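The values are calculated or read from the model by the stated rules, or taken from the named source; none is laboratory data. This one's a predicted model, so the numbers in the text were calculated from it and none came from an experiment. Note: ideal-geometry Cβ built from the backbone for every residue, glycine included; neighbour counts use all protein chains shown.
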Amino acid sequence: MESLFTGLTMGLSLIVAIGAQNIWVLSQSMRSNYRFTIASVCILCDVGLIISGVFFAVKIQTYLPSLLPVFVWGGVLFLFWLACQALYRAYHRHYQLSISPTANQTRLQIAAAAFSISLLNPHVYLDTVILLGNIGGMQENPNLFAFGATLASVFWFSVLTCLAPKLKTWLNSPFRWQVFDCLIAAFLILIAIKLLDVL
């Protein structure tokens, strides 16, 4: 049970930290009907990376250094694109209550964007594959550690997407939505710039 608790606490401590994925998930969950799709994709990506990290960390780390610049530049460009979208919405006052939640994006497009924000972020690989992988490999029971870490992902993304409608109610005005989108854009740009430090 110690390995399970370690996996759960380590997983939560890494995933709860504010990052591009959490910001995007919260923003999209307030604008879209596809909250289950968003949560499912993020959980699926996390589970796959955690399991890969715990059981195949040594092999994966051999190839990661050469792939890291590709992920960094892909992540930076994608984050800037998301920031531009947020600024565009703020400028044109495109907030949730004035448009149909499914008018702009289909479930498939939302799922594709969720995969992108999850897998084009190099910090995800550093956290799940490298950090959790190394810690999990040293546990008495790596299986329980991996289960605990994946349980943390299921819990966090479920809570984040479920609480989004309540936050949307608080943002029930064009001005608050504009402020929210501007903050989202600022966070995404800062994270994109910070990603360049990985290179």
So is A86 in contact with an Asp or Glu (Cβ under 6 Å, 6 or more places away or on another chain) and modelled with pLDDT of 80 or more or not?
yes
Among I15, I51, I117, the single one that is at pLDDT 85 or above and in contact with a Phe, Trp or Tyr (Cβ under 6 Å, 6 or more places away or on another chain) is I117
Where a residue in the stretch 24-37 is buried (at least 21 other Cβ atoms within 10 Å of the Cβ) and its partner, wherever it lies, is of a type in the set (K, R) and part of a helix (DSSP H, G or I), with Cβ under 6 Å and at least six apart
S29/R35; M30/K168; Y34/R107
Quick one: how many residues across the stretch 131-189 are surrounded by fewer than 21 Cβ atoms within 10 Å (Cβ to Cβ), small (G, A, S) and touching a Phe, Trp or Tyr at 6+ places or on another chain (Cβ under 9 Å)?
2
What pairs come up if the first residue lies in the stretch 173-193 and is β-branched (V, I, T), the second is at pLDDT below 80 and in a helix (DSSP H, G or I), and their beta carbons are under 7 Å apart, counting only those six or more places apart or on different chains?
I191/A20; I191/L79
